[in-house]
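> Please find one structure pasted underneath; my questions will follow.
The values are calculated or read from the model by the stated rules, or taken from the named source; none is laboratory data. Predicted model only: the values in this text are computed from it and were never measured. Reconstructed Cβ throughout: ideal geometry from the backbone, glycine too, with neighbour counts over all protein chains shown. These area figures cover heavy atoms from the full protein model, side chains too; ligands, DNA and RNA do not enter into them. Shrake-Rupley method; radii C 1.70, N 1.55, O 1.52, S 1.80 Å.
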Amino acid sequence: MNKETGKRIKDIRNSLTGAIVCNIALSYAMLIICRLIFIAANYGLYQAAFDNNSLWLMTKGAFLFDTSAVCYLNIAYLIFLLFPLHYKEGKVMRSIVKWVFIVPNATGIIANLCDCVYVPFTGRRTTWNVFSEFGNEENMGSIIGSEIINHWWLVLTGIALIWALYRLYTPAREIGGLKRRYYAQHTCTLLVIAPLLIFGMRGGIGKAVRPITISNANQYVSSPNDAAIILNTPFSIIRTIGKKPFTEKNYYSAEEVEEIFTPLQHFDCDSIKERKNVVVFIVESFGKEYIGAYNKRKSGSLTPFLDSLITVSKSYRYSYGNGRKSIDGMPSILSSIPMFVEPFFLTPASLNSVSGIAGELEKSGYSSAFFHGAPNGSMGFQAFANATGFQSYYGIDEYCTSPNHGGMDDHDGTWAIWDEPFLQYYAECMNGIKEPFVTSVFTASSHHPFKIPDEYKEIYKEGEDPFFKCVQYTDHALAQFFEYAKKQKWYKNTLFVITADHTNHSIEPQYKTTGGWFEVPVIFFSPTADAQFAPGIDSTTIAQQIDIMPTVLEYVGYDKPFIAFGKSLISTSPEESYAVNYTNEVYQYYKGNYILLFDGEKSNALYDIRNDILMTENLIDSNVVVKESMERELKAIIQQYMTRMVNDRLTAETDKKQK
């Protein structure tokens, strides 16, 4: 290439139009590279996506969302560059324009690379509510620091990409000559680019095109699980800023929806007779996949204690969580409120009157307490426990002031007190709580960054996944709890409920599906072998977290009306049992042999998950009767949920006032 050609290319590149084209192309390139890194880092999670989906369709969808993100990230840069005001052509202003380009795009790179680590835990790209979710956590600095060390290669990749962004930035040369020419060129270019920006952010042109949202990613993949490949994190965060989580639906009239489904429940009981204590374990990240009683492992069971407990308990082959995060699990389990759209904790509806197991049983003379070994107030658990009727809260403050315990020496260095000492503390505290009582504990050790106490490092090994040693340690901690508890006077008069807040890493293909990703245990153990919970793994009934509250209330003979979106597993027939959850803006409804995927407007998929566990054959067009029946019921659940959230009708008392 001769000097004259090179100069001509440089002149074209540094022209106003050339600079815009080069920098926008650079912004696209960074998003594409980040997506490739995301796929490479999580290939085991998304390998099936490339077998089950059209690569061309996925690429088309990714380009659509990348275009929207590019427009959002660069809108300030383009306005600064093109706004027709010749006074801004000085050296300082041109430097500002450069950084107005670099900073948003660098932030987009960082957000995308962070999701390489975060998405495997949540199942979806990060949204704006992450800032509310972790806004009050005192340990975020140490967590981020440890992740920087653990994922040093991502850090170096991010630095390299941001450096490339800086080095490859193309400045537009200053337009000399007449001001008339300057204003004409900038004004015309701005008038051309402004509508293109709007069209790009909206995802298309025309009145019929609605601004794209996260849910639109599902039209490019066959499973909501795969939507994370299509999306990018900057888009997901930007498009959920200020998003209204709940809007009323009008699928049916008020009378019709009550006939199809109502969360207002009232058991036909004389009064509480047995006055049984209730103990609810919410075990961090303990998906059903890790429990040997449900899955035979060649290398041996990770959960020998739970396996033995299940043989004398009632549990379910088909049992599901109602969310994918810890802040989804607590409302689901203790208040029978599933996660739809956004975590209940983080929405204005969390200020509604809301009850739960503790609040309802208080009306019948029960004492109550909630336990969580993290800093008091962590994750909003204390606020939620108080709002739903728990009379006492025991966190790290109470643990550290209790005698005969190690205080902060028992802290895991990241999240909370190790499970073994905290569960012992939990059991001891119940000796001082007046019976009948209802208590719940949220464990912490089976969690990222996958650490266990030093004395167990040679006993519990990682195996196929670093999480497995945590599973073994927490199973041991549960065994120690029951070893102590069975010697206490309250033990035989207690119903124990064990479930997980959500699942974690998945190894087996069946747990990587959009349905399998929600499989958690639901276990009821009564030391007196009550008939309602006859031992065995039920293979006909579908169970879910939101069934726990109504099941417990019926078991103890609760005779007052209450609101619950689940059903009692005692009196609900297997044919009428169901589960519901929400992922990547798609509702999933499980009933009988099937799972229905519904986007709020139409059903997109129907699978026979009993006989097609990998969810490979979509029956949406071949089984219309099942689809329509399930869609009718799901719409009623959604409508009731949204109406009650918006109108503060989440207790029997507020429901009565609104009518």
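> (1) 27.3, 87; (2) 27.5, 97; (3) 25.8, 89: which one is Rg and Dmax of the Cα atoms in Å as calculated from this entry?
Label (2) holds the value from this structure.
> Can you tell me, using C-alpha contacts under 8 Å and at least 6 residues apart, the relative contact order of the chain as a whole percent?
On the way: 1126 pairs, mean separation 122.2, N = 659.
Once divided by the residue count of the chain, the mean separation gives 19 percent.
> Now for a separate question. If we count every other residue with Cβ under 13 angstrom of Phe281's Cβ, Lys/Arg +1 and Asp/Glu -1, where does the sum land? Walk me through the numbers before you get to the answer.
On the way: positive: none; negative: Glu284, Asp419, Asp475, Asp501.
That works out to -4.
> To continue, here is another question. Label Cys269 and His405 with points 7 Å out from Cα along Cα→Cβ: what is the distance between them in nm?
Here the modelled spin labels are 3.0 nm apart.
> Please enumerate, by chain and number, the aspartates and glutamates with C-alpha under 16 Å from the C-alpha of Lys244, excluding those fewer than 8 residues away in the same chain.
Glu342, Glu585, Asp648
> Would you be so kind as to identify which of Tyr72, Ser332, Leu26 lies farthest towards the positive end of the dipole of the chain, taking Lys and Arg as +1 and Asp and Glu as -1 on Cβ and the Cα centre as origin?
Leu26
> Protein chains only, probe 1.4 Å: how do Lys434, Lys60, Lys249 rank by accessible area, largest first?
Details: Lys434 150, Lys60 105, Lys249 55 Å².
From most accessible down to least: Lys434, Lys60, Lys249.
> Right, here's the next one. Grab the Cα-Cα distance for Ser571 and Arg13, subtract it from 0.36 nm times how many residues apart they are, and report the gain in nm with one decimal. Intermediate values should be presented prior to the final figure.
Details: separation 558, 0.36 × 558 = 200.88 nm, distance 7.28 nm.
Contour length minus the Cα-Cα distance gives 193.6 nm.
> Next question. Pulled fully out, how much extra length does the chain show between Asn295 and Asn376, if you take 0.36 nm times their separation in residues and subtract their Cα-Cα distance? Mind showing how you got there, number by number?
Details: separation 81, 0.36 × 81 = 29.16 nm, distance 3.60 nm.
Result: 25.6 nm gained on full extension.
> Assuming R0 = 22 Å, can you tell me the calculated FRET efficiency for the pair Ile260 and Glu601, based on Cβ-Cβ distance, to the nearest 0.05?
Computed FRET efficiency for Ile260 and Glu601 comes out at 0.75.
> Per residue, how much accessible area does the chain have with a 1.4 Å probe, in Å²? Each step should come with its number before you reach the end.
Details: 27500 Å² over 659 residues.
With the other protein chains kept in place, the chain gives 42 Å² per residue.
> While we're here: Rounded to the nearest 10 Å², what accessible area does Met408 have for a 1.4 Å probe in the complete protein model?
Per-residue accessible area (Met408): approximately 110 Å².
> Moving on. Where the only charges are on Cβ atoms (+1 Lys, Arg; -1 Asp, Glu), what is the dipole of region 551-659 about its Cα centre, to the nearest 20 debye? Write out the running numbers ahead of the final one.
Values: 13 positive and 17 negative charges, 105 e Å.
Dipole magnitude for region 551-659 comes out near 500 debye.
> Placing one identical point scatterer on every Cα of region 454-576 and ignoring solvent, what is log10 I(q)/I(0) from the Debye formula at q = 0.14, 0.21, 0.22 Å⁻¹?
-0.82, -1.31, -1.34
> Something else about it: Within 11 Å, Cβ to Cβ, of Tyr366, how many net charges do the neighbouring residues add up to if Lys/Arg are +1 and Asp/Glu are -1? Don't skip to the end; give the middle numbers.
Working: positive: Arg275, Lys276, Lys363, Lys434; negative: Glu360, Glu362, Glu435.
The answer is +1.
> Please give the peptides 116-128, 392-404, 510-522 ranked by average Cβ packing (other Cβ atoms within 10 Å per residue), highest first, as a rough proxy for protection.
Numbers: 116-128: 19.5, 392-404: 15.7, 510-522: 23.7.
Sorting 116-128, 392-404, 510-522 by mean packing, highest first, produces 510-522, 116-128, 392-404.
> How many nm separate the modelled label positions at Ala534 and Ile198, each set 7 Å beyond the Cα in the direction of the Cβ?
6.8 nm
> Let me make sure I get this right: for region 553-592, a, b and c are the square roots of the gyration tensor eigenvalues over alpha carbons, sorted descending. Under 1.5 in a/c it's rounded, otherwise prolate if a/b > b/c, else oblate. Which is it? Walk me through the intermediate numbers first.
On the way: a/c = 4.13, a/b = 1.78, b/c = 2.32.
Here region 553-592 falls in the oblate category.
> Short version: what are the Cα gyration tensor semi-axes of region 362-490, square root of 5 times each eigenvalue, largest first, in whole Å? Could the numbers behind the result be given before it?
Values: eigenvalues 141, 55, 36 Å².
Each semi-axis is the square root of five times an eigenvalue, giving 27, 17, 13 Å.
> Also, I was wondering about something else. Quick one: angle between helix 16-41 and the longest Cα principal axis of the chain, in degrees between 0 and 90, rounded to 10, please.
The two axes meet at around 30 degrees.
> Further question: Grab the beta carbon distance between Lys434 and Glu628, set R0 = 41 Å, and tell me the FRET efficiency rounded to 0.05. Numbers along the way, then the final one.
Working: r = 51 Å, r/R0 = 1.25.
Working from the Cβ atoms, E equals 0.20.
> Further question: Could you point to the residue in Gly321, Gln391, Leu306 farthest towards the positive end of the chain's charge dipole, with +1 and -1 charges on the Cβ of Lys/Arg and Asp/Glu respectively?
Result: Gly321, furthest along the dipole toward the positive end.
> I'd like the accessible area for Ser223, computed on protein heavy atoms only with a 1.4 Å probe and all protein chains in place. Round to 10 Å², please.
About 20 Å², ignoring ligands and nucleic acids.
> Expressed as a fraction of 2.2 N^0.38 Å, the rule-of-thumb size for a compact globular protein of N residues, what is the C-alpha radius of gyration of region 517-659?
Working: Rg = 16.8 Å, N = 143, 2.2 N^0.38 = 14.5 Å.
The value comes to 1.16.
> Using only DSSP helix segments of four residues or longer, with each worth -39500 (n - 2.57), what per-residue ellipticity at 222 nm results for the chain after dividing by its residue count and rounding to 500? Present the calculation step by step, with values, prior to reporting the outcome.
Numbers: 22 runs with 283 residues, N = 659.
Per the formula, -13500 deg cm²/dmol.
> Additional query: Can you give the accessible area of Leu36, probe radius 1.4 Å, in Å² rounded to 10?
110 Å²
> I want to check the label-to-label distance for Ser364 and Asn493. Put each point 7 Å from Cα in the C-beta direction and report it in nm to one decimal.
Placing both labels 7 Å beyond Cα along the Cβ direction yields 1.5 nm.
> Work out, step by step, the length gained on full extension between Thr213 and Asp621: first 0.36 nm times the residue separation, then minus their alpha carbon distance; give nm to one decimal. The partial results should precede the final answer.
On the way: separation 408, 0.36 × 408 = 146.88 nm, distance 2.58 nm.
Computed gain between Thr213 and Asp621 is 144.3 nm.
> Pairs Lys314/Lys487; Lys560/Lys656; Lys602/Lys635; Lys296/Lys451; Lys296/Lys469; Lys276/Lys363: which exceed 19 Å Cα-Cα?
On the way: Lys314/Lys487 22 Å; Lys560/Lys656 13 Å; Lys602/Lys635 10 Å; Lys296/Lys451 25 Å; Lys296/Lys469 17 Å; Lys276/Lys363 15 Å.
As for pairs spanning more than 19 Å Cα to Cα, those are Lys314/Lys487; Lys296/Lys451.
> Another question about this same structure. Rank Lys98, Lys457 by accessible area, highest first, at a 1.4 Å probe radius? If you can, show how the numbers build up before the last one.
Numbers: Lys98 50, Lys457 105 Å².
Reading off the accessible areas and sorting them downward yields Lys457, Lys98.
> Further question on the same structure: Calculate, for Gln47 and Phe83, the FRET efficiency according to 1/(1 + (r/R0)^6) with r their C-beta to C-beta distance and R0 56 Å; round to the nearest 0.05. Working shown, then result.
On the way: r = 47 Å, r/R0 = 0.84.
Efficiency for this residue pair is about 0.75.
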